[in-house]
Amino acid sequence: MLKALFKFFSSLKLTVACLALGCILVFWGTLAQVHLGLFKAQNEFFRSLLVYWQPAGASFQIPIFPGGYFIGTVLLINLLAAHLRYYQPGKRKIGIALIHLGVVLLLVGQMLTDFLARESALHLRIGETKNYSEADRAYELAVIDTTDKDSAKVVAIPGSVLVRRGGATEPELPFAIRAKTFYANSELADTNTAGFEPVKTTVGAGSNFWWREVPRETAMDRVDLPSAIVEIITPQGSLGTFLVSAMLTQPQPFTFNNRSYELLLRPERFYMPFSLHLIEFHHDKYPGTDIPKNFSSRVRLQNLDNGENREVLIYMNNPLRYQGETFYQASYDPDDGGSILQVVHNPSWLTPYFSCVMVGIGLLWQFLSHLIPFLKRRMAVSGSAGVPAASGAVRGNSGRRDAVAPRKEKKKS
């Protein structure tokens with residue numbers, strides 16, 4: 001059984017089949033981006049084990065094709081098994097081993113990037129300083145204790161936790177929070193509008209709004225705006241229900257045990273041990289046109305831990321790399337008074353470089369391991385062909401002299 005499995009996973013037919021399925025998946029997923037959008041197509045086709053089909057009006061899905069993770073995993077197993085099956089140790093095979101190891105590292109690095117990499121945005125107005133970036137599509141419910149005037153204590157609950165569990169109990173909070181209604185993408189209106197229904201809350205400004213649930217956004221330049229009705233539950237009972245929404249900039253205040261709190265649904269924040277201050281932003285155009293020529297942000301990097309305080313210029317193709325974070329110039333405000341930096345946190349960002357160097361060294365080794373012996377053989381052959389023939393007697397290995405006499409022919413009478 002094990003021998004049959006090993007033979008199957010190390011076969012060349014499996015390699016060809018996986019490559020063919022991969023080509024079909026790339027073609028199909030590219031076409032699906034027209035209707036699903038880039039973000040949803042990537043998740044459903046390339047960042048999944050299986051591609052599902054949902055019949056019209058049905059609540060279930062049927063797997064119909066292997067996804068990117070499945071094909072990549074099988075290819076990785078196939079490469080390792082084939083290497084163990086066919087590899088023969090030796091100096092001339094070191095190149096083959098390096099090539100295979102580089103390809104394996106490339107596949108593993110891409111998988112680690114999908115799982116570990118994080119992209120967020122840092123929006124700065126001129127003169128503003130921040131030490132955190134915000135996620136594009138993930139939200140959190142921030143519970144802010146504003147009792148102390150000099151400082152505020154914030155407890156952030158991820159939106160996924162709040163929805164999945166139906167509520168959250170944090171040891172740092174003297175109460176629990178339960179999500180009664182949650183819309184992953186929604187619209188709010190301050191007047192009675194067709195298609196909207198009134199928000200049924202007991203506390204706060206929620207009763208002044210109407211809302212409705214809308215389909216999830218799939219375009220890369222648009223994001224979901226979630227809304228929810230949450231209830232504050234204390235040991236003494238409920239404090240009421242509140243409306244929290246990504247479209248509300250003002251938090252919802254309440255008090256408990258003589259302490260003041262605020263509720264705010266905001267993009268998930270990623271704090272950094274340093275801060276960036278936007279000094280100036282330039283949006284240069286070609287003279288006489290509206291065609292952009294250059295975008296650049298001059299920022300001041302301040303790190304209180306090591307006393308670092310310096311200016312950095314971030315522009316196109318010249319990011320700032322600092323303490324595991326990479327800051328790219330991504331966008332800007334319409335009035336040119338602010339800059340939007342894309343922040344990428346990717347612990348495995350060096351993996352593709354290592355794998356490419358390893359494959360390059362393996363190819364060079366394999367090429368030279370065949371070229372050098374070939375050149376040596378050719379030089380030996382050309383050297384032996386160029387030696388002049390000896391005249392007179394020739395001494396053999398035994399030291400005997402053999403005379404070479406001319407051949408005589410008899411004349412016929």
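The values are calculated or read from the model by the stated rules, or taken from the named source; none is laboratory data. Nothing here was measured: the structure is a model prediction, and the numbers come from that model. Cβ: placed from backbone, ideal geometry, glycine included. Neighbour counts: every protein chain shown.
A few points about this structure:
- Residue in the stretch 211-222 that is under 30 Å from residue 35 (Cβ atoms), modelled with pLDDT of 90 or more and more than 30 Å from the chain's Cα centre (by Cα) present: yes
- Selection of the stretch 241-254 for residues being of a type in the set (Val, Ile, Thr) and either in contact with a Pro (Cβ under 9 Å, 6 or more places away or on another chain) or surrounded by 14 or more Cβ atoms within 10 Å (Cβ to Cβ) (or both) yields 241, 244.
- Those residues of the stretch 196-215 which are exposed (fewer than 14 other Cβ atoms within 10 Å of the Cβ) and within 30 Å of residue 44 (Cα to Cα), in sequence order: 215
- Residue among 238, 227, 260 that is polar (S, T, N, Q), surrounded by 18 or more Cβ atoms within 10 Å (Cβ to Cβ) and out of contact with any His (no Cβ under 9 Å at 6 or more places or on another chain): 227
- Considered as a group, the residues in the stretch 279-323 that are hydrophobic (A, V, I, L, M, F, W, C) and assigned to a loop (DSSP other than H, G, I, E, B) include one that is farthest from residue 132 (Cα to Cα), and that residue is 291.
- Scanning the stretch 207-217 turns up one or more residues that are assigned to a helix (DSSP H, G or I) and either more than 30 Å from residue 30 (Cβ to Cβ) or in the same structural domain as residue 263 (by TED's automatic domain parsing) (or both).
- Residue list for the stretch 48-91, filter: surrounded by fewer than 10 Cβ atoms within 10 Å (Cβ to Cβ) and β-branched (Val, Ile, Thr): 64
- Qualifying position, being among the hydroxyl-bearing types (Ser, Thr, Tyr) and under 30 Å from residue 37 (Cα atoms), among 207, 227: 227
- When the test is whether a residue is at pLDDT 95 or above, surrounded by 10 or more Cβ atoms within 10 Å (Cβ to Cβ) and outside any loop (DSSP other than H, G, I, E, B), residue 354 does not pass it.
- In the stretch 317-339, the residue that is modelled with the highest pLDDT out of those that are out of contact with any Phe, Trp or Tyr (no Cβ under 6 Å at 6 or more places or on another chain) and among the hydrophobic types (A, V, I, L, M, F, W, C) is 327.
- Test: residue 372 is modelled with pLDDT of 85 or more and either closer than 30 Å to residue 105 by Cβ or part of a helix (DSSP H, G or I) (or both): yes
- Within this structure, residue 31 fails the test of being touching a residue at least 40 places away in the same chain (Cβ under 8 Å), more than 28 Å from residue 134 (Cα to Cα) and aliphatic (A, V, I, L, M).
- Picking from residues in the stretch 263-295 that are β-branched (Val, Ile, Thr) and closer than 24 Å to residue 126 by Cβ, the one that is surrounded by the fewest Cβ atoms within 10 Å (Cβ to Cβ) is 291.
- Test: residue in the stretch 174-183 that is at pLDDT below 85 and outside the structural domain of residue 325 (by TED's automatic domain parsing): no
- Qualifying residue in the stretch 143-150 (condition: under 15 Å from residue 251 (Cα atoms), in contact with a Pro (Cβ under 9 Å, 6 or more places away or on another chain) and touching a residue at least 40 places away in the same chain (Cβ under 8 Å)): yes
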